[in-house]
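Asks: The structure that follows is given in the form of C-alpha cells.
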Amino acid sequence: MSAEQKVIQEAMRRVLLKDFLVQESARAGFGGLEITRTPMGTRVTLICERPGILIGHRGELIKRLTEDIQHRFQLDNPQIEVQEERQPSLNAQLMSEKLASTLERGWHFRRAGHSTVRRIMESGARGCQVILSGKLTGERHRTERFKAGTVKYCGEAVHLWIDKGFYQARLKPGVIGVNVWIMRPTAKLPDEIVVKGVEERPKPVPVELPPVEEAAGPAPPAEVPDVGGSP
C-alpha cells in the first residue's frame, strides 16, 4: 500500500469514527473529537455536555463503546477519555445540534437563528455566524445567514480562532443543514497591535472656572444723576 493510500484510508477511518460517535453520544451532547496516536495505542478524547450519560454506571457503557470501536475500526488498543464541556454555548458543534433540535420541534427558522446568535454572543464570543440551508419555507432550496460580531473567513485566524460545527435537522419537507461558526473570546486578530513599554497618556484634568459674574469682578458703583444743578 502506497503512502497516499494510507493517508486516504486513515482519513476515511477518522470520518467514519466521528459519525459513529456522533450517533452513539447523541443523548450526552457530542461536542468534539480528538484522535491521538500514542506508544500505548490510540487515545480518543470525546468532548460532551453530559459525560455521565456516556460513561454509564461503573463505566459499563464506555467499556462497551470501546469494544465496539476496536472491532469496527480496527484501532490498536483504543482508550476513550470523556471530557465535560464547561462552556457549551461556545462550542460550535453543540450549538449546531441544539439549533437542529429546535428546528425539529417546530420553531421558525428566523426565530431559532436569532436566538442562537444572541445566546452565543451573550456567552462572550467575539463573533458568530449561523448558516441554514435547505427547504426553509417552500419547495425551493435557499440559504439564510445570521451574523453578529467579527467573523473571519480566510487566513491564519480561521484555523486558530474559529470553531466550526455542522449538524442536520430532519424535517418533513427535507433535510436542513445547520452550520455554526464561533470566534472564541480569546481571539487575537493580526490587525490588533499593542505597543509594549508605552504608557498611556494621562487624561487632562478639567479645570473648574469661576462663574462669569465673579470673574468679571465687582460691578462699578452706579452714578447718581445731578438733579438740582450746581452753581
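All of the numbers you see were taken from the coordinates with simple rules; none came from a lab. This one's a predicted model, so the numbers in the text were calculated from it and none came from an experiment. Please note: Cβ atoms are built from the backbone with ideal geometry, for glycine as well, and neighbour counts cover all protein chains shown.
Asks: With 19 Å as the cut-off, how large is the P(r) tail for the stretch 89-183, expressed as percent of Cα-Cα pairs? Don't jump to the answer; show the numbers that get you there.
Replies: On the way: 1567 of 4465 pairs.
Counting every Cα pair in the stretch 89-183, those more than 19 Å apart make up 35 percent.
Asks: Pairs of lysine in the chain with Cα under 23 Å and at least 8 positions apart or on different chains: total?
Replies: Summing the qualifying lysine pairs gives 17.
Asks: Here is a further query. For the stretch 3-85, what is the charge dipole size about the Cα centre, in debye to the nearest 20, if Lys and Arg each add +1 at the Cβ and Asp and Glu each add -1 at the Cβ?
Replies: Values: 12 positive and 13 negative charges, 30 e Å.
Its charge dipole is roughly 140 debye.
Asks: Could you rank the peptides 103-112, 48-57, 3-12 by their average count of other C-beta atoms within 10 Å per residue, with the highest value first? Could you put the intermediate results ahead of the total?
Replies: Values: 103-112: 14.7, 48-57: 16.6, 3-12: 9.9.
The peptides rank, most packed first, as 48-57, 103-112, 3-12.
Asks: Compute the long axis of helix 60-73 from its Cα atoms, compare it with the longest principal axis of the Cα atoms of the chain, and write down the angle in degrees, 0 to 90, nearest 10.
Replies: For 60-73 against the chain, the angle is about 70 degrees.
Asks: What percent do you get for the relative contact order of the stretch 89-183 when only Cα pairs under 8 Å and 6+ apart count?
Replies: In percent, rounded to a whole number, it is 38.
Asks: Which chymotrypsin sites (Phe, Trp or Tyr not before Pro) in the stretch 125-168 sit in a loop by DSSP (not H, G, I, E or B) and have at most 13 other Cβ atoms within 10 Å of their own Cβ? Please list the in-between numbers first.
Replies: Numbers: sites: F146, Y153, W161, F166, Y167; in loops: Y153.
For chymotrypsin sites (Phe, Trp or Tyr not before Pro) across the stretch 125-168 that sit outside H, G, I, E and B with at most 13 neighbouring Cβ atoms in 10 Å, the list reads Y153.
Asks: Quick one: Debye curve from the alpha-carbon atoms of the chain only, equal weights, vacuum; give me log10 I(q)/I(0) at q = 0.10, 0.11, 0.16 Å⁻¹ to two decimals.
Replies: Values returned for q = 0.10, 0.11, 0.16 Å⁻¹ are -0.65, -0.75, -1.21.
Asks: Would you look at the GNM of the chain, springs on alpha carbons closer than 10 Å, and say which of M183, M40, M95 moves the most?
Replies: Between M183, M40, M95, it is M40 that shows the largest mean-square fluctuation.
Asks: Helix-only mean residue ellipticity at 222 nm, the chain, DSSP H runs n ≥ 4 weighted -39,500 (n - 2.57), per residue, nearest 500. What is it? Numbers along the way, then the final one.
Replies: Values: 7 runs with 79 residues, N = 231.
For the chain, the value works out to -10500 deg cm²/dmol.
Asks: Can you tell me the 0 to 90 degree angle between the C-alpha axis of helix 92-104 and the longest principal axis of the chain, rounded to 10?
Replies: On a 0 to 90 degree scale, this one is about 80.
Asks: Once you charge only the Cβ atoms, +1 for Lys and Arg and -1 for Asp and Glu, what is the size of the charge dipole of the stretch 89-183 about its Cα centre, to the nearest 20 debye? Could you put the intermediate results ahead of the total?
Replies: Numbers: 16 positive and 7 negative charges, 69 e Å.
My answer is approximately 340 debye.
Asks: If contacts are Cα pairs under 8 angstrom and at least 6 residues apart, what is the relative contact order of the stretch 3-85 in percent?
Replies: Details: 102 pairs, mean separation 24.4, N = 83.
Relative contact order, the stretch 3-85: 29 percent.
Asks: Need the C-alpha centroid separation for the stretch 71-110 versus the stretch 150-185, integer Å.
Replies: A separation of 13 Å, based on Cα centres.
Asks: Given an 8 Å cut-off on Cα distances and at least 6 residues of separation, report the relative contact order of the chain as a percent. Can you show the working numbers first?
Replies: Working: 314 pairs, mean separation 33.0, N = 231.
Taking the mean separation of contacting Cα pairs over the length of the chain, I get 14 percent.
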